[in-house]
1. Give me the lysines in straight-line cross-link reach of Lys94: C-alpha distance below 25 Å, same-chain residues under 8 apart excluded.
2. Order these by the 10 Å Cβ neighbour count, fewest first: Arg47, Arg42.
3. Going by how many other beta carbons lie within 10 Å of each one, how would you line up Phe23, Phe33, fewest first?
4. Search the structure for amide H atoms under 5 Å from the amide H of Arg124, placed 1.01 Å from N in the peptide plane, and list their residues when 5 or more places away or on another chain.
5. For an R0 of 22 angstrom, estimate the FRET efficiency from the Cβ-Cβ distance between Ile83 and Lys51 and round to the nearest 0.05.
6. Any idea which of Cys101, Ser85, Leu111 is furthest toward the positive side of the dipole for region 61-113, if Lys and Arg beta-carbons carry +1 and Asp and Glu beta-carbons -1?
7. Quote the FRET efficiency, to the nearest 0.05, computed for Thr71 versus Tyr14 with a Förster distance R0 of 25 Å and r equal to the Cβ-Cβ distance.
8. At q = 0.15, 0.16, 0.27, 0.29 Å⁻¹, what log₁₀ I(q)/I(0) does region 6-48 have when each alpha carbon counts as one equal point scatterer in the Debye sum?
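Every number here is computed from the coordinates shown, using simple stated rules; none is lab data. What you are looking at is a predicted structure, and each value in this text was computed from that prediction instead of being measured. With ideal geometry, Cβ positions are generated from the backbone for all residues, glycine too; neighbour counts draw on all protein chains shown.
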Amino acid sequence: MNKLIFTTSWDDGYPLDKKLLSFLIKYNIKGTFYIPLQNKERQVMKRNYIKKIYSLGMEIGSHTLTHPILTKIDENQAQHELIESKKKLEEIIKKPVISFCYPKGKANPNLLNLVKKAGYKLARSTVLFHTNLKFDPFYAYYNSFFQTFLFVLFETTN
Ligand SMILES: [Zn+2]
């Protein structure tokens with residue numbers, strides 16, 4: 001029998017997501033919160049709140065350290081953003097962080113490899129919601145009309 005898994009995901013760790021959290025808990029809905037540790041453009045929730053979200057049964061995913069557009073920075077910086085954000089979130093929640101979300105949904109094939117090398121098991125785009133029950137874990141949909149990735153969801157096979 002196939003099992004349908006329903007989850008939601010929320011990006012940026014904005015402090016007002018506290019309201020959202022109470023809604024998810026009220027209706028018993030799981031969510032992944034993709035949180036950057038800093039963001040020049042907007043506030044991010046404090047570390048003790050990240051811990052609290054996790055303790056309430058939600059998943060914490062990485063959304064980089066500083067929320068740069070990864071396709072616009074060099075490979076070493078991108079690698080640093082991927083590895084250090086994972087490490088810092090793991091220090092906060094004391095559990096492995098396996099999911100990653102690309103800031104502004106921007107990714108390319110090289111970034112997919114960097115995400116995999118950094119130890120994530122899953123990554124997704126933020127550009128548009130698009131999902132497919134059957135997908136190649138390392139295949140990203142590319143929509144030539146929008147000139148951007150619509151779907152960057154993959155899972156390692158190990
Ligand atoms: Zn974001």
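1. Answer for Lys94, where 25 Å is the Cα cut-off: Lys18, Lys19, Lys30, Lys46, Lys51, Lys52, Lys86, Lys116, Lys117, Lys121, listed by chain and number.
2. Numbers: Arg47 15, Arg42 11.
With the fewest neighbours first, Arg47, Arg42 line up as Arg42, Arg47.
3. Fewest-to-most Cβ neighbours within 10 Å comes out as Phe23, Phe33.
4. Close amide H contacts, sequence-distant or interchain: Phe100, Cys101, Tyr102.
5. 0.60
6. Of the candidates, Cys101 comes out farthest on the positive side.
7. For Thr71 and Tyr14, the calculated efficiency is 0.60.
8. -0.37, -0.42, -0.97, -1.06
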